[in-house]
1. Before we move on, is I100 assigned to a loop (DSSP other than H, G, I, E, B), in contact with a Lys or Arg (Cβ under 8 Å, 6 or more places away or on another chain) and assigned by TED's automatic domain parsing to the domain that holds W157?
2. If I filter the range 122-157 down to residues being closer than 22 Å to I222 by Cα and in contact (Cβ under 8 Å) with a residue 40 or more places away in the chain, which single residue comes out as surrounded by the fewest Cβ atoms within 10 Å (Cβ to Cβ)?
3. Every residue in the range 203-232 that is hydrophobic (A, V, I, L, M, F, W, C), without any contact (Cβ under 8 Å) to a residue 24 or more places away in the chain and either surrounded by 12 or more Cβ atoms within 10 Å (Cβ to Cβ) or touching a Lys or Arg at 6+ places or on another chain (Cβ under 9 Å) (or both), please.
4. Working carefully through the options L172, L215, L202, find the one that is within 28 Å of the chain's Cα centre (by Cα) and at pLDDT 90 or above.
5. So I38 passes all but one of these: (1) outside any helix (DSSP H, G or I); (2) within 17 Å of G460 (Cβ to Cβ); (3) modelled with pLDDT of 90 or more. Which condition number does it fail?
6. Condition first: of a type in the set (S, T, N, Q), on the phi < 0 side of the Ramachandran plot, assigned to a loop (DSSP other than H, G, I, E, B) and modelled with pLDDT under 95. Can you find one or more residues in the range 72-79 that meet it?
7. Filter the range 200-213 down to residues that are in a loop (DSSP other than H, G, I, E, B) and among the hydroxyl-bearing types (S, T, Y), then give me how many there are.
8. Answer with yes or no whether K145 is more than 30 Å from R175 (Cα to Cα) and not polar (S, T, N, Q).
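The values are calculated or read from the model by the stated rules, or taken from the named source; none is laboratory data. Not measured: the values here are computed from a predicted model. Don't worry about glycine lacking a Cβ; one is built from the backbone with ideal geometry, like all the others, and counts go over all protein chains shown.
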Amino acid sequence: MNKLTVVESSGDADTPFEDYFPAKKLVITMGGCNFVEIFSHLTDAIEFTHFWRAVIPSIMSPSIVLHHANFEDAEVSRFVDRETSKVVYKRIEESPDSIIAFEAAGDFVTGVFKIGETIIPDIRNEVFGPAFKDIAFKEESELNKADLISADSPYYWDMWKYSFNCLYDRILKDRIQRGIGVFFLSRRFCTSELKDGEFVPLHNARTISERNLILDDIEDFISKYDGVKIMKSALSLEFTSTDAPWGGPWEYHPQGEYYAYMRAKFLDAIFPGKERGSKYIATWMAKSAQSLSKTKALLVRADSEATVANNLLTNVRSDGELVEQGIEIAGAETEVSRREAAIAKADREAIERALEITRAQYNELDGQLRERDGIIQRSHDLTQALRAECFEKDNIIAEQAHLNERLSSEIFALEIKLSRLETILNFVENRYSACKSNLLHRMVKFFAIHFDANQLRRFGFNEKVYLEENADVRASKANPLEHYLAHGMREGRTLPKI
C-alpha cells in the first residue's frame, strides 16, 4: 500500500478563533513539519492532506519499478512505493480543485537518489521515521547502485527548477487560471537560538548562511511565475529556541510565534477579504497575554512563599541560639550548689521568654526547666534533655535551609523564564505596536514543549502504527500515547500518522 500521511480535521480540536467557516478549503501540502505545524491548527477552516517529505524533483520524475528493493519494515516499503510509483503527482492530478502549497527548505534534510531519469529521496534518514535510520541496501539493489545527489549541490537546484517548471506547465498554471491558490512557503533557516534571554549563533552558522543564499535564489526564481503566491515571514521571527515546536532548537524549527504569523498569512490568502488572519492573531495574542499573566502570578506567589520561608528560618535560628545558651547554663548548674539555683532560675525564665514564639516545640524543655527550681540532683538529667532538644532544632534549621535553597532555585528558574518571555514580547512589540501594543507587552511564547493527548489525536496519532514501529514499547505493554508524550517525543521517535 502506498504511504500517505493525512492530517484531517478533528471534532475536538481547539478553535483558533470564534468565526464561522461556511465550507472548508481543500489543501494539499508537500514538505516537512512546518506545514503540519501551520495547518494542523486551522482544521476548523481547512481540510488538508500532507505528503511528508515530498520534494519537487521526485514528484515530477517518471515512475520506476525496483526489482531488488524489498524491506522488512512495512512503513519503509510503503514510502518507497509512494516515491517510485509517483503517488503524490497522481493525487495532485486527481484533486483539480485543491489548493497546493509547497516549500524548498525541507529538501536540505536529505539528498536524493537518481536512477536513470527517476528521482527518489535518500531514505536512509530517521527524519522519515525510526525504521529508516539503519537501512542498508543489498549489493544488487538499484538503490545501492544509484547516484546520490546532495541538496547542497548546484546540480540539485538546477534539477529542482526544471522539475518545478514542468509542474507549473502541467498542473499549477491551469489551477491558477481557475482561481485556485498555489502557495510557495519561502522560509530561511534559523541562524541563532534564543537561550537564557540572549541570541546565540548556531554552531553551523556558515553552512546555514550558504543554504539561505540558495533559498534566496529559489524565491527569486518562483517570483517569476505568474499566480504563485510567495508566503514568508519577517526574518526577525526566524530564530529557534528550546520551546520551538517539533523537538526544540534546530535551524529547521522556528520558535512558536513564527507559526502563528504564517497561519494568519495563509488564512488571509485562502479567504481573501474575510480578515481571518487578523482575527486569528488577535485571539492568539489574547491567549498569550493570559499565559504571561499566569506566569507572573506564579512568580509572585513563589516570591511570597520564599519570604515566608526566610522569616521562618530566621526565627528558628534565633530560637536555636537561645536554646544553646540555656544548655550552657544548665551544664554549669551541675557543678554548683543550691545557692546557684537562683541563677539557674533566672536563666530558665530567659529561655521561657524565647520559647514563647514556638512554645509547642519546647513544651518538654519548659516543663523540665520549671522543675529545676530547688532540684539540683535533676540538673544533669535536664542538661541531657536540652542537648537532645537542640539536636532536633538543628535538624529543623537544616530542613528550613534546604527548603529556602530549593525555593530560591525555583525563583531563579522562573525569573529566567520571565526574562525569555519578555524578550519574545519585545520582538512582538516591534511588529504589532501600531495597533496592539497593550497586548504585545503581555505576550509569551506560543506553546510548551509538548503536545497533549487531544492534540496528538487531532494530528492523526495512530497507536497501532506506533506499537508496530517501536518494538520496545510493544514489549513493555505501555500505552502508546502516554509513552510518546513521556518519552517518544524527547527521544526523537516519529509521530505515526494515519
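1. Numbers: assigned to a loop (DSSP other than H, G, I, E, B): no; in contact with a Lys or Arg (Cβ under 8 Å, 6 or more places away or on another chain): yes; assigned by TED's automatic domain parsing to the domain that holds W157: yes.
No, not satisfied.
2. D152
3. A205, the sole residue that qualifies.
4. Details: L172 fails: within 28 Å of the chain's Cα centre (by Cα); L202 fails: at pLDDT 90 or above.
L215 is the lone residue from the list that is within 28 Å of the chain's Cα centre (by Cα) and at pLDDT 90 or above.
5. I38 satisfies every listed condition except (1).
6. No, the conditions are met nowhere in the range 72-79.
7. Kept after step one, since they are in a loop (DSSP other than H, G, I, E, B), are these residues of the range 200-213: 202-204.
Subset that is among the hydroxyl-bearing types (S, T, Y): none.
Residues in the range 200-213 being in a loop (DSSP other than H, G, I, E, B) and among the hydroxyl-bearing types (S, T, Y): 0 in total.
8. Working: more than 30 Å from R175 (Cα to Cα): yes; not polar (S, T, N, Q): yes.
Yes; evaluated as a whole, the condition is true for this residue.
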